[in-house]
Amino acid sequence: MAKRIDVKDLNLYYGKFHAVDRVTLSVPPRNVTAFIGPSGCGKSTVLRSLNRMHEVIPGARAEGKVQLDGEDIYASTVDPVSVRRTIGMVFQRPNPFPTMSIRDNVVAGLKLAGVKERKRLDDVAERALRGANLWAEVKDRLNKPGGGLSGGQQQRLCIARAIAVQPDVLLMDEPCSALDPISTLAIEDLITELKKDYTIVIVTHNMQQAARVSDQTGFFNLSGVGQPGRLIELDDTEKIFSNPSEKATEDYISGRFG
Ligand SMILES: Nc1ncnc2c1ncn2[C@@H]1O[C@H](COP(=O)(O)OP(=O)(O)O)[C@@H](O)[C@H]1O
Ligand SMILES: [Mg+2]
(Lines give C-alpha, C1' and ligand atoms only; values in the text may rest on other atoms or scores of the structure.)
(Ligands and ions follow the chains in the order given, each with its own letter.)
Protein backbone atom coordinates (compact mmCIF):
# COMPACT_ATOMS: atom_id res chain seq x y z
CA MET A 1 0.00 0.00 0.00
CA ALA A 2 1.01 3.57 -0.77
CA LYS A 3 4.09 3.25 -2.92
CA ARG A 4 6.47 5.76 -4.37
CA ILE A 5 6.40 6.63 -8.09
CA ASP A 6 9.49 7.65 -10.07
CA VAL A 7 9.26 8.76 -13.68
CA LYS A 8 12.39 9.38 -15.72
CA ASP A 9 12.67 10.84 -19.24
CA LEU A 10 9.21 9.68 -20.23
CA ASN A 11 8.26 10.41 -23.84
CA LEU A 12 4.75 9.60 -25.02
CA TYR A 13 3.54 9.17 -28.57
CA TYR A 14 0.32 8.63 -30.48
CA GLY A 15 1.65 7.05 -33.65
CA LYS A 16 4.08 9.62 -35.06
CA PHE A 17 2.71 12.42 -32.89
CA HIS A 18 5.03 13.23 -30.00
CA ALA A 19 2.48 14.20 -27.31
CA VAL A 20 4.68 14.54 -24.23
CA ASP A 21 8.37 15.33 -24.03
CA ARG A 22 10.79 13.99 -21.40
CA VAL A 23 8.83 14.06 -18.17
CA THR A 24 10.79 13.38 -15.00
CA LEU A 25 9.06 13.44 -11.62
CA SER A 26 8.73 11.68 -8.29
CA VAL A 27 5.72 11.15 -6.08
CA PRO A 28 6.31 10.14 -2.47
CA PRO A 29 3.96 7.61 -0.84
CA ARG A 30 0.88 8.97 0.97
CA ASN A 31 1.02 12.12 -1.05
CA VAL A 32 -1.38 13.88 -3.39
CA THR A 33 0.18 15.22 -6.56
CA ALA A 34 -1.92 17.44 -8.82
CA PHE A 35 -1.29 18.01 -12.53
CA ILE A 36 -2.52 21.35 -13.81
CA GLY A 37 -2.12 23.19 -17.10
CA PRO A 38 -4.03 24.16 -20.22
CA SER A 39 -5.97 21.54 -22.10
CA GLY A 40 -4.06 19.43 -24.61
CA CYS A 41 -0.70 19.66 -22.84
CA GLY A 42 -0.55 15.97 -21.98
CA LYS A 43 -1.79 15.69 -18.40
CA SER A 44 -4.17 12.79 -19.12
CA THR A 45 -1.60 11.13 -21.37
CA VAL A 46 1.02 11.17 -18.60
CA LEU A 47 -1.53 9.94 -16.06
CA ARG A 48 -2.51 7.00 -18.27
CA SER A 49 1.13 6.07 -18.79
CA LEU A 50 1.50 5.63 -15.02
CA ASN A 51 -0.60 2.46 -15.10
CA ARG A 52 0.02 1.39 -18.67
CA MET A 53 -3.39 2.51 -19.90
CA HIS A 54 -1.73 4.70 -22.53
CA GLU A 55 -0.63 1.75 -24.64
CA VAL A 56 -4.22 0.46 -24.85
CA ILE A 57 -4.84 3.15 -27.51
CA PRO A 58 -3.83 1.76 -30.93
CA GLY A 59 -0.47 3.17 -32.07
CA ALA A 60 0.26 4.74 -28.69
CA ARG A 61 3.60 4.07 -27.06
CA ALA A 62 5.75 5.12 -24.14
CA GLU A 63 9.53 5.51 -23.93
CA GLY A 64 11.41 6.05 -20.71
CA LYS A 65 11.06 4.77 -17.21
CA VAL A 66 8.19 4.50 -14.76
CA GLN A 67 9.04 2.84 -11.46
CA LEU A 68 6.86 1.84 -8.57
CA ASP A 69 8.97 1.47 -5.44
CA GLY A 70 11.99 0.86 -7.65
CA GLU A 71 10.30 -1.69 -9.95
CA ASP A 72 10.00 -0.85 -13.63
CA ILE A 73 6.31 -1.19 -14.54
CA TYR A 74 7.28 -1.35 -18.23
CA ALA A 75 9.67 -4.30 -17.79
CA SER A 76 8.98 -7.12 -20.26
CA THR A 77 8.26 -9.51 -17.41
CA VAL A 78 5.50 -7.32 -15.99
CA ASP A 79 1.86 -8.06 -16.79
CA PRO A 80 0.05 -4.79 -17.63
CA VAL A 81 -3.19 -6.16 -16.16
CA SER A 82 -1.56 -6.60 -12.76
CA VAL A 83 -0.10 -3.07 -13.04
CA ARG A 84 -3.62 -1.72 -13.53
CA ARG A 85 -4.74 -3.56 -10.41
CA THR A 86 -1.89 -2.12 -8.35
CA ILE A 87 -2.38 1.35 -9.79
CA GLY A 88 -6.11 2.03 -10.00
CA MET A 89 -7.80 4.72 -12.02
CA VAL A 90 -10.87 6.91 -11.71
CA PHE A 91 -12.10 8.76 -14.78
CA GLN A 92 -13.64 12.09 -15.61
CA ARG A 93 -17.17 10.79 -16.01
CA PRO A 94 -18.38 8.31 -13.41
CA ASN A 95 -18.56 4.98 -15.23
CA PRO A 96 -20.25 2.39 -13.03
CA PHE A 97 -21.85 -0.59 -14.75
CA PRO A 98 -25.33 1.00 -14.75
CA THR A 99 -27.53 -2.10 -14.52
CA MET A 100 -25.26 -3.99 -12.14
CA SER A 101 -26.04 -3.75 -8.42
CA ILE A 102 -24.13 -1.33 -6.23
CA ARG A 103 -22.53 -4.23 -4.39
CA ASP A 104 -21.50 -6.04 -7.57
CA ASN A 105 -20.06 -2.83 -9.03
CA VAL A 106 -17.70 -2.61 -6.07
CA VAL A 107 -16.57 -6.22 -6.20
CA ALA A 108 -16.53 -6.57 -9.99
CA GLY A 109 -12.72 -6.71 -10.05
CA LEU A 110 -12.54 -9.38 -7.37
CA LYS A 111 -15.17 -11.50 -9.11
CA LEU A 112 -13.16 -11.22 -12.32
CA ALA A 113 -10.13 -12.41 -10.38
CA GLY A 114 -12.16 -15.50 -9.39
CA VAL A 115 -13.28 -14.68 -5.84
CA LYS A 116 -16.68 -16.34 -5.29
CA GLU A 117 -17.20 -16.59 -1.55
CA ARG A 118 -20.24 -14.47 -0.68
CA LYS A 119 -19.08 -13.46 2.81
CA ARG A 120 -15.71 -12.28 1.55
CA LEU A 121 -17.27 -10.27 -1.28
CA ASP A 122 -19.73 -8.67 1.16
CA ASP A 123 -16.90 -7.75 3.52
CA VAL A 124 -14.84 -6.21 0.75
CA ALA A 125 -17.86 -4.30 -0.59
CA GLU A 126 -18.57 -2.86 2.86
CA ARG A 127 -14.94 -1.93 3.50
CA ALA A 128 -14.54 -0.26 0.10
CA LEU A 129 -17.85 1.61 0.37
CA ARG A 130 -16.90 2.85 3.84
CA GLY A 131 -13.49 3.85 2.46
CA ALA A 132 -15.21 5.82 -0.30
CA ASN A 133 -17.55 7.57 2.16
CA LEU A 134 -20.59 6.03 0.52
CA TRP A 135 -21.61 3.25 2.91
CA ALA A 136 -24.15 5.22 4.95
CA GLU A 137 -25.94 6.34 1.79
CA VAL A 138 -26.20 2.92 0.11
CA LYS A 139 -26.14 0.25 2.81
CA ASP A 140 -29.90 -0.29 2.52
CA ARG A 141 -29.90 -0.51 -1.27
CA LEU A 142 -26.84 -2.60 -2.10
CA ASN A 143 -28.82 -4.70 -4.57
CA LYS A 144 -30.16 -1.71 -6.49
CA PRO A 145 -28.47 -0.74 -9.76
CA GLY A 146 -25.40 1.50 -9.64
CA GLY A 147 -26.91 3.65 -12.38
CA GLY A 148 -29.63 4.83 -9.97
CA LEU A 149 -27.19 6.83 -7.83
CA SER A 150 -26.53 10.55 -8.22
CA GLY A 151 -23.46 11.65 -10.18
CA GLY A 152 -21.45 12.33 -7.04
CA GLN A 153 -22.47 9.00 -5.53
CA GLN A 154 -21.57 7.23 -8.78
CA GLN A 155 -18.12 8.78 -8.69
CA ARG A 156 -17.65 7.59 -5.09
CA LEU A 157 -18.89 4.17 -6.23
CA CYS A 158 -16.15 4.18 -8.87
CA ILE A 159 -13.63 5.11 -6.18
CA ALA A 160 -14.95 2.23 -4.04
CA ARG A 161 -14.53 -0.10 -7.04
CA ALA A 162 -10.96 1.14 -7.49
CA ILE A 163 -9.99 0.64 -3.84
CA ALA A 164 -11.77 -2.74 -3.49
CA VAL A 165 -8.78 -4.46 -5.11
CA GLN A 166 -6.41 -2.74 -2.63
CA PRO A 167 -4.23 -0.78 -5.03
CA ASP A 168 -1.04 1.06 -4.03
CA VAL A 169 -1.75 4.11 -6.12
CA LEU A 170 -4.91 5.91 -7.26
CA LEU A 171 -4.91 7.95 -10.45
CA MET A 172 -7.78 10.38 -10.94
CA ASP A 173 -8.41 12.24 -14.18
CA GLU A 174 -10.54 15.31 -13.46
CA PRO A 175 -12.78 13.22 -11.16
CA CYS A 176 -15.01 16.17 -10.29
CA SER A 177 -15.48 17.75 -13.69
CA ALA A 178 -18.97 16.26 -14.10
CA LEU A 179 -20.04 16.96 -10.50
CA ASP A 180 -21.86 19.75 -8.69
CA PRO A 181 -19.99 21.80 -6.03
CA ILE A 182 -21.32 19.78 -3.04
CA SER A 183 -20.36 16.44 -4.60
CA THR A 184 -17.02 17.96 -5.55
CA LEU A 185 -16.31 18.87 -1.92
CA ALA A 186 -17.29 15.33 -0.87
CA ILE A 187 -14.72 13.91 -3.31
CA GLU A 188 -12.07 16.39 -2.15
CA ASP A 189 -12.65 15.39 1.49
CA LEU A 190 -12.42 11.77 0.43
CA ILE A 191 -9.10 12.37 -1.36
CA THR A 192 -7.68 13.82 1.86
CA GLU A 193 -8.87 10.70 3.73
CA LEU A 194 -7.53 8.29 1.09
CA LYS A 195 -4.11 9.93 1.22
CA LYS A 196 -3.50 8.14 4.53
CA ASP A 197 -3.41 4.82 2.68
CA TYR A 198 -2.69 5.59 -0.95
CA THR A 199 -0.41 7.54 -3.22
CA ILE A 200 -2.63 9.76 -5.35
CA VAL A 201 -2.10 11.59 -8.61
CA ILE A 202 -4.95 13.80 -9.76
CA VAL A 203 -5.42 15.82 -12.93
CA THR A 204 -7.57 18.87 -12.41
CA HIS A 205 -8.45 21.91 -14.50
CA ASN A 206 -9.53 23.60 -11.27
CA MET A 207 -6.59 25.39 -9.69
CA GLN A 208 -8.43 25.95 -6.41
CA GLN A 209 -8.95 22.23 -6.23
CA ALA A 210 -5.24 21.58 -6.77
CA ALA A 211 -4.46 24.11 -4.03
CA ARG A 212 -7.00 22.49 -1.65
CA VAL A 213 -6.17 18.82 -2.05
CA SER A 214 -2.58 18.43 -3.19
CA ASP A 215 0.81 18.39 -1.52
CA GLN A 216 2.76 18.97 -4.70
CA THR A 217 1.63 20.41 -8.01
CA GLY A 218 3.05 19.92 -11.49
CA PHE A 219 2.40 22.51 -14.16
CA PHE A 220 2.25 21.23 -17.75
CA ASN A 221 2.41 23.46 -20.79
CA LEU A 222 2.87 23.45 -24.55
CA SER A 223 5.64 25.45 -26.15
CA GLY A 224 3.56 25.84 -29.31
CA VAL A 225 0.94 24.33 -31.60
CA GLY A 226 1.93 20.81 -32.62
CA GLN A 227 4.72 20.79 -30.03
CA PRO A 228 4.80 18.14 -27.31
CA GLY A 229 3.58 18.95 -23.83
CA ARG A 230 6.16 19.40 -21.08
CA LEU A 231 6.21 19.36 -17.33
CA ILE A 232 7.38 22.92 -16.69
CA GLU A 233 7.85 22.52 -12.96
CA LEU A 234 6.77 20.37 -10.06
CA ASP A 235 7.05 21.67 -6.53
CA ASP A 236 5.27 22.00 -3.21
CA THR A 237 1.73 23.18 -3.91
CA GLU A 238 2.21 26.16 -1.63
CA LYS A 239 5.26 27.26 -3.58
CA ILE A 240 3.65 26.75 -6.99
CA PHE A 241 0.73 28.97 -5.99
CA SER A 242 2.72 31.64 -4.16
CA ASN A 243 6.16 31.79 -5.70
CA PRO A 244 6.68 29.50 -8.70
CA SER A 245 10.14 29.31 -10.26
CA GLU A 246 8.99 29.59 -13.87
CA LYS A 247 7.33 32.58 -15.46
CA ALA A 248 4.97 30.38 -17.49
CA THR A 249 3.65 28.88 -14.25
CA GLU A 250 3.15 32.29 -12.73
CA ASP A 251 1.30 33.52 -15.83
CA TYR A 252 -0.96 30.49 -15.74
CA ILE A 253 -1.83 30.57 -12.07
CA SER A 254 -2.42 34.29 -12.10
CA GLY A 255 -4.72 33.93 -15.11
CA ARG A 256 -2.46 35.92 -17.41
CA PHE A 257 -2.27 32.99 -19.74
CA GLY A 258 -2.12 32.94 -23.53
N1 LIG B 1 -6.29 8.89 -28.25
C2 LIG B 1 -5.54 9.86 -28.79
N3 LIG B 1 -5.11 9.76 -30.06
C4 LIG B 1 -4.34 10.74 -30.63
N5 LIG B 1 -3.95 11.85 -29.98
C6 LIG B 1 -4.37 12.01 -28.72
C7 LIG B 1 -5.17 11.03 -28.05
N8 LIG B 1 -5.44 11.46 -26.79
C9 LIG B 1 -4.80 12.65 -26.69
N10 LIG B 1 -4.17 12.98 -27.83
C11 LIG B 1 -3.39 14.22 -28.07
O12 LIG B 1 -2.30 14.27 -27.15
C13 LIG B 1 -2.13 15.59 -26.66
C14 LIG B 1 -2.27 15.58 -25.13
O15 LIG B 1 -3.62 15.27 -24.82
P16 LIG B 1 -4.12 15.04 -23.33
O17 LIG B 1 -3.16 14.18 -22.61
O18 LIG B 1 -5.52 14.57 -23.42
O19 LIG B 1 -4.06 16.52 -22.74
P20 LIG B 1 -4.72 17.12 -21.41
O21 LIG B 1 -5.18 15.99 -20.56
O22 LIG B 1 -3.64 17.94 -20.80
O23 LIG B 1 -5.84 17.98 -21.88
C24 LIG B 1 -3.15 16.46 -27.38
O25 LIG B 1 -2.54 17.04 -28.51
C26 LIG B 1 -4.21 15.46 -27.80
O27 LIG B 1 -4.90 15.88 -28.95
MG1 LIG C 1 -7.13 15.51 -19.89
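Just so you know, in region 143-166 the residues that are modelled with pLDDT of 95 or more and outside any helix (DSSP H, G or I) include one that is surrounded by the most Cβ atoms within 10 Å (Cβ to Cβ), and it is L149. Within region 45-63, the residues that satisfy the criterion of being part of a strand (DSSP E or B) and either touching a His at 6+ places or on another chain (Cβ under 9 Å) or within 13 Å of ligand 1 (Cβ to nearest atom) (or both) are A60, R61, A62. The set of residues from region 14-35 being in contact with a Ser or Thr (Cβ under 7 Å, 6 or more places away or on another chain) and within 9 Å of ligand 1 (Cβ to nearest atom) comprises A19, V20.
No other residue among V78, V66 is part of a strand (DSSP E or B), closer than 21 Å to V165 by Cβ and away from ligand 1 (no atom under 11 Å from the Cβ) apart from V66. On the stretch given as region 71-94, residues that are loosely packed, with under 15 Cβ neighbours inside 10 Å and touching a residue at least 24 places away in the same chain (Cβ under 8 Å) total 2. Please work out which residue is nearest to P228 (Cα to Cα), limiting yourself to region 90-105 and to residues that are in contact with a strand residue (DSSP E or B) (Cβ under 8 Å, 6 or more places away or on another chain) and modelled with pLDDT of 95 or more. So, considering only residues that are in contact with a strand residue (DSSP E or B) (Cβ under 8 Å, 6 or more places away or on another chain) and modelled with pLDDT of 95 or more, the one nearest to P228 (Cα to Cα) is V90. Of the residues making up region 95-112, just one is β-branched (V, I, T) and exposed (fewer than 13 other Cβ atoms within 10 Å of the Cβ), namely T99. Yes or no: R52 touching a residue at least 60 places away in the same chain (Cβ under 8 Å), closer than 23 Å to Q166 by Cα and buried (at least 16 other Cβ atoms within 10 Å of the Cβ)? Spelling it out, it is not the case that R52 is touching a residue at least 60 places away in the same chain (Cβ under 8 Å), closer than 23 Å to Q166 by Cα and buried (at least 16 other Cβ atoms within 10 Å of the Cβ).
Taking the listed residues V56, V46, V90, the one that is within 16 Å of ligand 2 (Cβ to nearest atom), touching a Cys at 6+ places or on another chain (Cβ under 8 Å) and hydrophobic (A, V, I, L, M, F, W, C) is V90, with no other qualifying. Pairs are defined by a Cβ separation below 7 Å, a sequence spacing of at least 6 or placement on different chains, a first member in region 15-44 that is under 19 Å from S214 (Cα atoms) and in a loop (DSSP other than H, G, I, E, B), and a second member that is of a type in the set (V, I, T) and more than 10 Å from ligand 1 (Cβ to nearest atom); the pairs so defined are P29/T199; R30/T199; N31/T199. Enumerate the pairs (first residue in region 229-241 and closer than 21 Å to T45 by Cβ; second residue anywhere and basic (K, R)) with beta-carbon separation below 9 Å, excluding pairs fewer than 6 apart on the same chain, so at least 6 apart or on different chains. From region 229-241, the pairs are G229/K43; R230/R22; L231/R22. Restricting attention to region 15-31, the residues that are farther than 13 Å from R61 by Cα and either hydroxyl-bearing (S, T, Y) or surrounded by fewer than 24 Cβ atoms within 10 Å (Cβ to Cβ) (or both) add up to 9.
For region 219-228, the count of residues that are more than 16 Å from ligand 2 (Cβ to nearest atom), at pLDDT 95 or above and in contact with a helix residue (DSSP H, G or I) (Cβ under 8 Å, 6 or more places away or on another chain) is zero.
So is V115 touching a helix residue (DSSP H, G or I) at 6+ places or on another chain (Cβ under 7 Å) and crowded, with 16+ Cβ neighbours inside 10 Å or not? When the stated conditions are applied, V115 does not pass them. For region 225-244, a residue qualifies if it is surrounded by 12 or more Cβ atoms within 10 Å (Cβ to Cβ) and either touching a Cys at 6+ places or on another chain (Cβ under 6 Å) or polar (S, T, N, Q) (or both), and the qualifying residues are Q227, G229, T237.
Looking only at region 88-116, residues that are of a type in the set (A, V, I, L, M) and at positive phi come to 0 in all.
The values are calculated or read from the model by the stated rules, or taken from the named source; none is laboratory data. Remember, it's a predicted structure, so these values are computed and weren't measured experimentally. No Cβ is skipped: glycine too gets one built from the backbone with ideal geometry, and neighbour counts run over all protein chains shown.
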